[in-house]
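The values are calculated or read from the model by the stated rules, or taken from the named source; none is laboratory data. Everything numeric in this text was worked out from a predicted model, so none of it was measured. We place every Cβ from the backbone using ideal geometry, glycine too, and count neighbours over all the protein chains shown. With ligands, DNA and RNA removed, areas are computed over all heavy atoms of the protein, side chains included. Shrake-Rupley method; radii C 1.70, N 1.55, O 1.52, S 1.80 Å.
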Amino acid sequence: MADEVGFATQQVHAGERLDGDAGARITPIHLTAGFVFDDFDQARDRFHGDVEGFTYTRLGNPTTAAVERKLAALEHGVDAIAVASGQAAVTVALLALLRAGDRILASRSIYEGSRGLFRENFANLGIGVDFVDDPHDLAEWRARIRPETRVLFGESIPNPKNDVLDISGVADVAHDHGLPLVVDSTLATPYLVRPIDFGADVVVHSTSKFLAGHGASLGGAVIDGGRLDWAARPELFPQLTSPSAGLGGRSYVERFGDRAYAEYARSVIASRFGPTLSPLHAFLLQQGIETLSLRIERHSENALQVARWLEEQPEVASVDYSGLESSPYHGLAKRYLPRGQGSVFGFTLTGGEPAARAVVDAVTLFSRMTHLGDVRSLILHPATTTHSLLTGDELRANGIHPGLLRLSIGIEDVDDLLRDLAQALAASRRARLEVA
Ligand SMILES: Cc1ncc(COP(=O)(O)O)c(C=O)c1O
């Protein structure tokens, strides 16, 4: 599809191919484990990748392939791999770049599930991690690169502090060392920012959030930007640049060119570790993406109004939303997120944990949930839930104060959201008076 086509047109039409004899307009749910071969030769050719076609759903499926094409187009990538969860997407994206002895250099401001994956699970595989304390200090990114570093990792919109990543700044640091930048863009989606346009090499998503959009199905995606010249420093990524027995002695770069990383991530990492997306969930994801821009516009408008309102409330000490002029990341948001700053942010109550508890217990329209990116508005107390494994020092360093609440603002009527928050803040005031 021509690149000039607008985002809303692309989200509906990109990647579609009319599929099957019945003339189905939407790629149907191909809920099948495997695919029949016409004959001996076709089986052999499909296994060798010499002809298009499917073999077994863990290696590829028409419903999943349709949503992969759509995601690659929307992110301006060359290829995409859909997997069973965001956690699987981060794992697959990085295991395609890392071997025992290698290290990740990651922003401190990332999803706790990714932090745990790097610190514990990857450590057990002999893969190390270094964290950048101030992700907005490009000199610190540069200084922390070691000879073993193989990938830089950050999130376009981290939660709950909304400290927007300087994607092109970090990408430049990575590229100066021949390394890729992987960006988790779950909270932004391609509607708000396309990290590849700003120099990122790989984009990952938890599609369970805004892309699927309705809080019903888990999924993840890895999108290959196709720009990094892996062969420029072949010693860094031998899995892509040295001869592979499976490719008749050619390397992934020789065989697949700018899609080398995606092919390796798909056929060697995702298919062997096996976090396959169900074709049913691929279908739900594709349906969600078709309305992405409409939802994200509404999410962002609502979030900005809620953030502005919260900023005026006496019980609120601070609001972490990059759409606000008061945010230290407003300048970065203007550059990277001109269409809106997303739906997820934190705010801190002056009354600390007791006030946070009263608000969480008093809301009636907001759901008390750890999920994000639902059409419904959600609320959570990070210090006692998602971030409860951090030490006191780590909580302070990450700005997770006892009075901090995280919101994921939905697409409801914003006046109803404000009314619910107003009565919850009133409940927290009453609780405070009773204690006093
Ligand atoms: C930024 C980010 N990345 C990855 C994940 C993991 O996604 P999933 O829950 O789909 O495994 C999450 C989940 O909240 C997330 O917020």
Next item on the list: Tell me the label-point distance for the pair LEU433, PHE37, using the 7 Å Cα-to-Cβ offset, in nm and rounded to one decimal.
Entry: 7.8
Item checked: Electrostatic dipole magnitude of segment 292-435 [Cβ: Lys, Arg +1; Asp, Glu -1; Cα centre; debye, to 20] -> 180
Next item on the list: Could you check how much of the accessible area of the chain is carbon and sulfur, as a whole percent, using a 1.4 Å probe?
Entry: 52
Check: Quick one: putting +1 on the C-beta of Lys and Arg, -1 on the C-beta of Asp and Glu, what dipole do you get for the chain around its Cα centre, in Debye to the nearest 20?
Finding: 660
Check: For the chain, what is the accessible area per residue in Å², given a 1.4 Å probe and the full set of protein chains?
Finding: 42
Notebook entry, point to check: So what J values fall out for segment 173-189 if you push phi through Karplus, 6.51 cos²θ - 1.76 cosθ + 1.60 with θ = phi - 60°, rounded to Hz, Gly and Pro as x?
Noted result: 4, 4, 5, 4, 10, x, 10, x, 9, 9, 10, 7, 10, 3, 7, 8, 6
Checklist line | Principal-axis tilt of helix 292-311 within the chain, Cα atoms, nearest 10 degrees | finding: 30
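For segment 288-366, rounded, prolate or oblate, judged on the Cα gyration tensor with a ≥ b ≥ c (square roots of eigenvalues), a/c < 1.5 rounded, else prolate if a/b > b/c? Can you show the working numbers first?
Values: a/c = 2.85, a/b = 1.43, b/c = 2.00.
Judged from the Cα gyration tensor, segment 288-366 comes out oblate (a/c at least 1.5, b/c at or above a/b).
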Note to self: Which of rounded, prolate or oblate describes segment 254-293 when judged by the alpha-carbon gyration tensor and an a/c cut-off of 1.5?
What the structure shows: oblate
Check: How many percent of all Cα-Cα pairs in the chain sit more than 29 Å apart?
Finding: 47
Notebook entry, point to check: Got a sec? Charge dipole of the chain, +1 on Cβ for Lys and Arg, -1 for Asp and Glu; which of LEU404, LEU236, GLY154 is way out at the positive end?
Noted result: LEU404
Next item on the list: Report, to the nearest 10°, how far helix 86-95 tilts away from the longest principal axis of the Cα atoms in the chain, using its own Cα long axis and a range of 0 to 90°.
Entry: 50
Margin query: I'd like the projected area of segment 292-435, averaged over all directions, using the convex hull of its alpha carbons. Report it in nm² with one decimal.
Written below: 8.5
Margin query: Let's test the formula: R0 of 41 Å, r as the Cβ-Cβ distance of GLU297 and PHE47. What FRET efficiency results, to the nearest 0.05?
Written below: 0.35
Checklist line | Exposure ranking of LYS70, LYS334 by accessible area [1.4 Å probe, largest first] | finding: LYS334, LYS70
Notebook entry, point to check: Top mean-square fluctuation among ARG419, ARG295, ARG58, Gaussian network model of the chain, C-alpha springs under 10 Å?
Noted result: ARG419
